[in-house]
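Here is the structure we will look at, set down as structure tokens.
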Amino acid sequence: MISPQTGPAPIKGAIAWMANHGIAANLLMLACIIGGLLFLTNIKQEVFPDFEVDAVRITVSYPGA
């Protein structure tokens, strides 16, 4: 909003800050990528995890039905 005394109001927020500081945004992205690649080796992966199926079978006779 334009005020007659101060001029345009500054845009606030993370996206506006990243748009105005391109180098900092790229460094943050690079840090996230490097961190992801470093932690990639520590992720435990299981193709077929071990689990037990909890099941109950109930049988009821119904004579004459």
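List of remarks:
- Shape category assigned to the chain from the gyration tensor of Cα positions, a/c cut at 1.5: oblate
- The residues of the chain expose, per residue, 107 Å² of accessible area to a 1.4 Å probe.
- Of all accessible heavy-atom area on the chain, the percent that carbon and sulfur account for (1.4 Å): 66
- Sorting the segments 35-42, 52-59 by their residues' average number of neighbouring beta-carbon atoms within 10 angstrom, most packed first, yields 35-42, 52-59.
The values are calculated or read from the model by the stated rules, or taken from the named source; none is laboratory data. Note that the structure is predicted; figures quoted are calculated from it, not measured. When we count neighbours, we look across all protein chains shown, and the Cβ atoms used for this are built from the backbone with ideal geometry, even at glycine. We work out accessible area using only protein heavy atoms, side chains counted, and drop any ligands, DNA or RNA first. Shrake-Rupley method; radii C 1.70, N 1.55, O 1.52, S 1.80 Å.
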